[in-house]
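Student: I have a structure here, written as structure tokens, and I will follow up with some questions on it.
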Amino acid sequence: PANGIGRLALLFLAAPKARLREQQALESLKTLEALLQNLPLSSLQKHPELEASALLARGEEDGLLERIEDPLGPVLSAKRAAPYLLWYRNGLAHCVILPAVLLALVNRPRSEAYLEAAMTRLAPLLIHAWKLPTGNDELPTLQAQLTALEETGLLLRGRCRGWHPSPHPLAPLLAKLGTDMIHRLYLAGQLLSTRPGLDSKTFETRWESLI
């Protein structure tokens, strides 16, 4: 299913050289599904019918993933299919962009106050960039996002209400998506600062090329 391909694309395109050990891919797929279930952006959000192991097998059968034998365990590569997977990755990325940015911010222990201040500034930009739901489909609150990330093992809560990076294999993959988005927002800010007279239509065209 297309939404299953999107999950494979999201994980493998964020991995170094588009490769993941099979066990890491299995664990990451299961946790990604749990995160999407806990933080739905809309009631229309769909979930694949295949289990994680079946989804990886389907990816191999369809030629999206290539198995590489390794002494430390099988490795799956999506390098050859990367250009094809990019469209599917972008189709799912908006569903996880908010928690992904949170994970990018927690590149070292952070206080909750820091995260709240940062997301207050970033959220309107992310809503615009990714056409996130507004109005009747309310976005998950910061507390809901933090709780979901903690319950899925992607963030660790410190004793003094601080938040710490997690060793879970999915955490750095989502954090890379969030880091890339923050960099693109920075580039957009630079574009506006150097071209203050930029009309909205031209900016929208250039912005679309950035994301």
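Student: With a 1.4 Å probe and all protein chains in place, put 163, 130 in order of accessible area, largest first. List each step's numbers first, then the result.
Tutor: Working: 163 0, 130 30 Å².
Highest to lowest solvent-accessible surface, that is 130, 163.
Student: Report P(r) for the stretch 144-189: all Cα-Cα distances, bin width 10 Å, range 0 to the bin holding the largest distance, values in whole percent.
Tutor: Spelled out per bin, shortest first, that is 26, 43, 26, 5.
Student: Packing-wise, with mean Cβ within 10 Å as the measure, how do 97-107, 64-74, 17-27 rank, highest first?
Tutor: On the way: 97-107: 23.0, 64-74: 12.9, 17-27: 18.4.
Those peptides, ordered most packed to least, come out 97-107, 17-27, 64-74.
Student: Which residues' amide hydrogens lie under 5 Å from the amide hydrogen of residue 65, considering only partners 5 or more residues apart or on another chain, with H built in the peptide plane?
Tutor: Under 5 Å from the amide H of residue 65: 60.
Student: Using a 1.4 angstrom probe on heavy atoms only, work out the carbon and sulfur share of the accessible area of the stretch 1-149 in %. Write out the running numbers ahead of the final one.
Tutor: On the way: 4210 of 7720 Å².
Carbon-and-sulfur percentage of accessible area, whole number: 54.
Student: Using the heavy atoms of the protein chains alone and a 1.4 angstrom probe, what is the accessible area of the stretch 1-122 per residue in square angstrom? Working shown, then result.
Tutor: Working: 6290 Å² over 122 residues.
On a per-residue basis, 52 Å².
Student: Still on this structure, please answer the following. If you project the alpha carbons of the stretch 1-114 onto the principal axes, what extent comes out on each, in Å, largest first?
Tutor: On the principal axes, the stretch 1-114 reaches 46, 34, 24 Å in Cα extent.
The values are calculated or read from the model by the stated rules, or taken from the named source; none is laboratory data. The structure displayed is predicted, hence computed values, not measured ones. Don't worry about glycine lacking a Cβ; one is built from the backbone with ideal geometry, like all the others, and counts go over all protein chains shown. Accessible surface is based on the protein model in full, side chains and every heavy atom, while ligands, DNA and RNA are left aside. Shrake-Rupley method; radii C 1.70, N 1.55, O 1.52, S 1.80 Å.
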